[in-house]
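See below for the structure under consideration.
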Amino acid sequence: MNLPARPHDATWPKRLPRHLVLPETSLWFNLEVSARRYPSKPACLFFGRALSYGELLSQAEALAGWLQAHGLAKGDRVVVFMQNCPQFIVAVHAVLRADAVVVPVNPMNKADEFGHYITDPGARFVLTTADLASVVAEADARLPPAQRLRQVVATRFTDAMPAEIDPAELPSPAILQWLLADSVLPDGVTRWTDALAAGHRPSEHLAQPDDLALLPYTSGTTGLPKGCMHSHRTLMHNTIGGSVWGFAGPETVALGVLPMFHISGFIYGCLGAVACGLTQAMLPRWDRELAARLIERHQVTHWSCIPTMVIDLLGSPNSANFNLRSLKYVSGGGAAMPQAVAERLQAEFDLVFAEGYGLTETAAPTHANLPERAKLQCLGIPIFDTDSRIIDPDTGRELGIGETGEIVSHGPQVFKGYWGHPEATQASFIEIDGKPFFRTGDLGRMDEEGFFFITDRLKRMINASGFKVWPSEVELLLFKCPLVQEACVIASRDAYRGETVKAVVVLREAARGRAEPEDIIAWAREHMAAYKVPRIVEFAQSLPKSGSGKVMWRLLQEKEPTAG
């Protein structure tokens, strides 16, 4: 790909190619290759128990065969609804082996939210964990018969854990109790171990590079979350490119803490880890003390994370005793890394935090900092084969160095559009120099060396510890609360999360004088994912509205101090 000359050309390191030569295969083939190369090498370490590449391959093939034997056809969508565990990687590759499409769903979702991920993609199969099977069953039972699921397969975390955990690998008591819980499976749910033991073999693998492979959901400024259509080809770019950029290979040991349902964790922890044959020590939930022990115990070299994990790790009373000397590369994104924390990481552990930038629509990064030359609180430079510009959001005119405008990107990792939303797809692209550029909705600037910096955003969004919260989605859920007449959701400053969710609520007449903010928060905890739950609720007599009756959320936001 021939890219126009850009300012970052002068800073591009000699170790990196400008253009990636990508495999002309499906993503499944990456596992097949790694399993043949390293059949006995651990792909995953889960509380001390290893899953080899050979075992990963055989389990994925067995599950693919079971899915096909129960009616899964080429192009069908399969929901993967679980926290990080080896079974997540097995599930994803089983779906890919069966020529189907992975729909990763945040395991924090409640039944009120989960139904959308069945009906919108037309999914008929769900692969989940036992603790979440009741959420799936409840959501499914609410649907019309024609839209209900055909099959649900549920695994237990203990299916991948050792019979006895070495004390050095033990998580916190609360996490251990959750992992060992013997959740009762709803009627009709197939046990994971039974599906693998059934002995089914998958049919010939037919998926091609441009076939749909992944449908991750992202929320927008209006309405319910939309699926982003990614092919094997669009995912392959960052799957391969991530290891080249971060000098990862079969000798690499990674700490698998980024949630794999999220696009960054999916690309790096699920697809990229398999493609380069590395070994990954996995955590289903963040546990700073265990993370530090695993880094030392397994000599972890690579850690992709969100800044709040680093903040929490350094906040441990035991941080002075942590041995992080094996780490060579610490990278992340999703939220800005506070400069003081990055400086402390470098001063105390000689580690440079290399921030990156990307979106679900771009299969994770379009920009990344160079580990040998990272700038703090910076998105980095456009990565391989990626053309990014700063434009005037109103006119589309390209802006110069130092000028603030909308960040737009063109590259092989950009998605093919929103599932079932052609109008939204069309609105998300702009043509520049005869090429389609994705409009990120983020405002930024570029310095004289070609490094990009984010300054604000056009879209109405709250960034809480890297979790993107779309106010319109939270408002739609709050309207279901029997106490709420109207609600407007805005961002509020939070010392730890950066930003947090605040709801300005007009109560229903019958609730006035009787309901408390804590009642709204308690209801929200029961009906929405934890990261969406308003941490602050403020009652108001009315909400400001325009002449057309639209709630003027900006007026409320401008009065609220934010993380800025």
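Look through the range 291-304, keep the residues that are touching a Phe, Trp or Tyr at 6+ places or on another chain (Cβ under 9 Å) and of a type in the set (A, V, I, L, M, F, W, C), and return whichever of them is surrounded by the fewest Cβ atoms within 10 Å (Cβ to Cβ). Looking at residues that are touching a Phe, Trp or Tyr at 6+ places or on another chain (Cβ under 9 Å) and of a type in the set (A, V, I, L, M, F, W, C), I get Ala292. Tallying residues that are small (Gly, Ala, Ser) and closer than 30 Å to Gly333 by Cβ within the range 498-532 yields 5. Any residue at all in the range 384-391 that is open to solvent by 10 Å² or more (accessible area, probe 1.4 Å), in a loop (DSSP other than H, G, I, E, B) and within 28 Å of Leu235 (Cα to Cα)? No: zero hits.
Within the range 185-192, none of the residues are touching an Asp or Glu at 6+ places or on another chain (Cβ under 8 Å) and either polar (S, T, N, Q) or free of Cβ contacts under 8 Å to residues at least 24 places away in the same chain (or both). Just one of (1) in contact (Cβ under 8 Å) with a residue 60 or more places away in the chain; (2) open to solvent by 30 Å² or more (accessible area, probe 1.4 Å); (3) hydroxyl-bearing (Ser, Thr, Tyr) fails for Tyr53. It is (2).
If the condition is being open to solvent by less than 60 Å² (accessible area, probe 1.4 Å) and of a type in the set (A, V, I, L, M), then the range 398-438 contributes Leu399, Ile407, Val408, Val414, Ala424, Ile430, Ile432. Kindly indicate the residue of the range 444-487 that is under 30 Å from Leu3 (Cβ atoms), open to solvent by 40 Å² or more (accessible area, probe 1.4 Å) and not in a loop (DSSP other than H, G, I, E, B) and also modelled with the highest pLDDT among those meeting that condition. Going through the qualifying residues, I end up with Arg445. Residue count for the range 190-216, restricted to those that are open to solvent by less than 30 Å² (accessible area, probe 1.4 Å) and part of a loop (DSSP other than H, G, I, E, B): 5. Against the numbered list (1) in contact (Cβ under 8 Å) with a residue 40 or more places away in the chain; (2) crowded, with 23+ Cβ neighbours inside 10 Å, Gly272 comes up short only at (1). Annotation note: Cβ proximity below 7 Å between a residue of the range 196-225 that is under 18 Å from Leu56 (Cα atoms) and a residue that is aliphatic (A, V, I, L, M) and not in a helix (DSSP H, G or I) (sequence gap 6+ or interchain) occurs for Pro202/Ala98. The residue list Leu132, Leu180, Leu127 contains one member that is modelled with pLDDT of 95 or more, among the hydrophobic types (A, V, I, L, M, F, W, C) and open to solvent by 40 Å² or more (accessible area, probe 1.4 Å), which is Leu180. I'd like the residue in the range 41-93 that is among the aromatic types (Phe, Trp, Tyr) and in a helix (DSSP H, G or I) and, out of all such residues, is farthest from the chain's Cα centre (by Cα). Of everything passing the filter in the range 41-93, Trp66 is farthest from the chain's Cα centre (by Cα). For Met260, the criteria (1) open to solvent by 10 Å² or more (accessible area, probe 1.4 Å); (2) part of a loop (DSSP other than H, G, I, E, B); (3) touching a Gly at 6+ places or on another chain (Cβ under 8 Å); (4) closer than 26 Å to Arg293 by Cβ hold in every case but one, which is (1).
The values are calculated or read from the model by the stated rules, or taken from the named source; none is laboratory data. Here the structure is a predicted model, which is why all the values come from computation and not from measurement. Glycine gets a Cβ as well: all are built from the backbone with ideal geometry, and neighbour counts include every protein chain shown. The accessibility values were calculated without ligands, DNA or RNA, using every heavy atom of the protein model including side chains. Shrake-Rupley method; radii C 1.70, N 1.55, O 1.52, S 1.80 Å.
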